[in-house]
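Values in this text are rule-based calculations from the coordinates and carry no lab data. Predicted model, so just to flag it, every value in this text is computed and none were measured. A quick note on method: Cβ atoms are made from the backbone with ideal geometry, for glycine too, and the neighbour counts reach across all protein chains shown.
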Amino acid sequence: MSDLKAYLAAKYMSGPKADAILSRTAPKKKKRKAATGASTSGAGSSMIKDDDILGWDNVQEQDDDEMSEAIVAEDRAFKKRQRTEEGGGWATVREGEEGRSPSPTPDEQPQVVVQEEPAFKGGLLTSAQLKKSLPRLKPATSSDPQADAAAQETVYRDASGRRVDMAAERAEAARKKREREEAEARKMEWGKGLVQREEAEKRKQELEVIRSRTFARTADDVEMNEDLKAQERWNDPAAAFLTKKKSKGPKKPEYTGPPPPPNRFGIRPGYRWDGVDRGNGFEKKLFQRINERRRRGAESYEWSVDDM
């Protein structure tokens with residue numbers, strides 16, 4: 001066990017304690033006796049003493065003895081100083097003003113570290129522990145509603161990063177939409193025919209007249225009687241001499257261009273005819289034969305009367 005302590009002290013320890021362990025475990029060597037008669041007698045003898053073989057060992061042993069004595073003395077001084085310190089024998093290095101020690105500088109003052117408890121602990125907790133550990137949230141009170149509304153308003157920016165006024169953009173979009181609707185209305189108005197516009201205007205006037213009338217209409221109403229008289233009925237015997245206003249119903253369009261060539265049945269061409277005769281000429285030859293027969297009959301009658 002002492003060999004292990006000596007090994008540890010020699011390899012891994014330093015200081016007075018290590019020196020003390022090494023001094024206790026070091027082997028004690030006998031001191032060399034002073035040579036009195038031997039050295040004097042050896043001077044006259046014929047033997048030669050070899051310093052290289054014997055003298056070096058003696059010098060090393062003497063150095064080891066001196067080192068062990070110095071280590072033991074140092075260890076004793078350390079133990080004595082330790083006992084003095086335990087008994088309150090501190091030595092004052094420097095006294096401050098009025099016998100007090102000077103206060104340490106701010107960077108040398110001790111720092112007190114307060115370890116706060118964690119806000120939330122794991123494991124099974126009761127309701128009281130959970131309420132104590134969790135922070136209480138205070139309800140947000142709004143003092144200025146306008147400021148809150150301005151803070152919550154979304155900020156829009158264009159491609160260059162400038163802020164966009166959404167109120168002005170909405171007004172501009174509404175104005176463009178209104179102009180587009182007015183242009184579409186004008187386009188639809190001009191796209192209508194003349195008859196459709198007249199009918200719409202007439203219907204508008206009728207609605208204005210009806211708005212000015214009373215709700216109740218009696219048998220003495222003149223306008224109602226006139227409207228009833230103007231109606232045409234297929235079985236009305238007095239329609240020929242009592243009806244003043246004859247409504248013109250829808251009629252088929254007729255051809256109104258240059259006079260067409262005649263035909264045997266008296267059929268007029270359609271209103272889409274372009275005036276080009278695409279027949280085989282039979283109608284034309286027929287009318288020529290009829291006209292020639294009439295001419296010859298007239299000539300023969302005149303010839304017969306002329307001889308008389």
Cβ-defined net charge surrounding Lys284, 14 Å radius [Lys, Arg +1; Asp, Glu -1]: +1
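With +1 on the Cβ of every Lys and Arg and -1 on the Cβ of every Asp and Glu, and nothing else charged, how large is the dipole of region 169-214 about its Cα centre, in debye rounded to the nearest 20?
Using only the charged Cβ atoms, the result is roughly 100 debye.
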In the structure displayed, which of Lys252/Lys285; Lys202/Lys251; Lys192/Lys252; Lys177/Lys202 lie more than 27 Å apart, Cα to Cα? Lys252/Lys285; Lys177/Lys202
When a/c reaches 1.5 or more, the comparison of a/b and b/c decides; with that in mind, is region 169-214 rounded, prolate or oblate per its Cα gyration tensor? oblate
Neighbour net charge for Ala200 - beta-carbon separation under 10 angstrom, K R +1, D E -1: +1
Among Ile267, Ile21, rank each residue by its count of other Cβ atoms within 10 Å, from fewest to most, as a rough exposure measure. Ile267, Ile21
Top positive-direction residue, dipole computed over region 171-308 with Cβ charges, set Ser212, Asn291, Ile267: Ile267
Which one, Gln196, Ala173, Ala183, is farthest towards the positive end of the dipole of region 169-214 when Lys and Arg carry +1 and Asp and Glu -1 on their Cβ? Ala173
Between Glu201 and Tyr271, what FRET efficiency comes out of the Förster formula 1/(1 + (r/R0)^6) with R0 = 25 Å and r the beta carbon distance, rounded to 0.05? 0.35
